[in-house]
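Presented below is the structure to which this report refers.
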Amino acid sequence: MLFPIRCFSCGAPIGHLWDRYRQMVESGRRPGEVLDELGVKRYCCRRMFITHVEYIDELLEFHMQRVQQLRKSGER
Amino acid sequence: MEARVLRDDGKSIELELKGVPLSIANAIRRHLINEVPTMAVEEVMVIENSSSVYNEVLAHRISLIPFKTDLDNFVLPEECDCGNRLGCDRCVVRFSLRAKAVSEVVTVYSRDLVRETGTEVVEPVSGDFPIVKLAPGQAIEMELYVRLGTGKKHAKWIPGIATLYDGPDGSRTLYFESFGFLPPARAVLEAAKIFEKRTGELERVLMEALGDAGKEA
């Protein structure tokens, strides 16, 4: 859902690197290269980034639509 | 016994140990992981949470954030003489977290934690940890109690990664990578101190138990 604070396997903190990782990858750079630059060296930590899906954005979308619906039905 | 620093960049350290038996070197490594106290959020009081994330999930995320640890001014709650369940100035640092999204989605970061008590040393190791995202209208308000603790009680307090490698001629390399709670050199030294304290205590206890029987030739 949200990017994890720590690597599931080794416990190293990784959450603080997420925003930078995403920005750099979105600017067209190769994920592997970006992770090297961020100093994420172990493959347990690297898979955390590569396989992550930021699912909460969809939940927030759902929440906002639901609030709007409730408001509309309240107005009627 | 001999020890030499091969490398220390402030994040990780590599030490060459010569003439140190495996049992002793491994004891130091295990003390590093399980016994060196570090600081993390141990108790969370949720005042408001209208976010999409459950209280316990939010509390768990926050608890995993490492805090820069002030070992000189704080003691473990179980070793504190205040007798207060909530703790005192020597065993707890209080933080608060307040965030609200009004018109846009807001990401709450560890930099939004506000320290209410304690020394300036104690703060999240990085302000960039995303804690939660809030949709317009959602808000969180909570009070956080940061305490010292050890890795044997919860993995959130493990100071870092400690490994031991065999080298040539019976030498060993101790590698320690700090998670940011303590400088790596300090953590290794603390582990050795705790180990020494314990072996001293063991000797005393054994001497008491064995009494005269231990002195016989």
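Here are the numbers for this structure:
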quantity: Number of the exception - B:Ile65 against (1) closer than 28 Å to B:Pro183 by Cα; (2) of a type outside the set (Asp, Glu); (3) open to solvent by 10 Å² or more (accessible area, probe 1.4 Å); (4) not in a strand (DSSP E or B); calculated: (3)
quantity: Count - residues of segment B:109-132 that are of a type in the set (S, T, N, Q) and either part of a strand (DSSP E or B) or within 10 Å of another protein chain (Cβ to nearest Cβ) (or both); calculated: 2
quantity: Residues of segment B:139-157 that turn out to be within 7 Å of chain A (Cβ to nearest Cβ) and of a type in the set (S, T, N, Q), as a count; calculated: 0
quantity: Options B:Val57, B:Val75; residue that is surrounded by 14 or more Cβ atoms within 10 Å (Cβ to Cβ) and within 30 Å of B:Val108 (Cβ to Cβ); calculated: B:Val57
quantity: Residue match in segment A:29-40 (condition: open to solvent by less than 20 Å² (accessible area, probe 1.4 Å), under 24 Å from B:Gly180 (Cα atoms) and either part of a loop (DSSP other than H, G, I, E, B) or within 11 Å of chain B (Cβ to nearest Cβ) (or both)); calculated: yes
quantity: Criterion: open to solvent by less than 20 Å² (accessible area, probe 1.4 Å) and within 18 Å of B:Asp70 (Cβ to Cβ) - qualifying residue of B:Lys193, B:Lys156; calculated: B:Lys156
quantity: Residue within segment A:49-56 that is within 16 Å of the chain's Cα centre (by Cα), assigned to a helix (DSSP H, G or I) and either within 14 Å of chain B (Cβ to nearest Cβ) or aromatic (Phe, Trp, Tyr) (or both) present; calculated: yes
quantity: Pick from segment B:159-179, criterion away from every other protein chain (no Cβ under 14 Å) and outside any strand (DSSP E or B), ranking: least open to solvent (accessible area, probe 1.4 Å); calculated: B:Ser171
quantity: Filtered residues of segment A:10-21 (kept if in contact (Cβ under 8 Å) with a residue 12 or more places away in the chain and open to solvent by 40 Å² or more (accessible area, probe 1.4 Å)); calculated: A:Arg20
quantity: Selection count, segment B:1-32, where residues are without any contact (Cβ under 8 Å) to a residue 60 or more places away in the chain, of a type in the set (A, V, I, L, M) and assigned to a helix (DSSP H, G or I); calculated: 1
quantity: Residue in segment B:33-55 that is without any contact (Cβ under 8 Å) to a residue 12 or more places away in the chain and not polar (S, T, N, Q) present; calculated: yes
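The values are calculated or read from the model by the stated rules, or taken from the named source; none is laboratory data. Source: prediction; values computed, not measured. Here the Cβ is made from the backbone with ideal geometry for all residues, glycine too, and neighbour counts use every protein chain on show. These area figures cover heavy atoms from the full protein model, side chains too; ligands, DNA and RNA do not enter into them. Shrake-Rupley method; radii C 1.70, N 1.55, O 1.52, S 1.80 Å.
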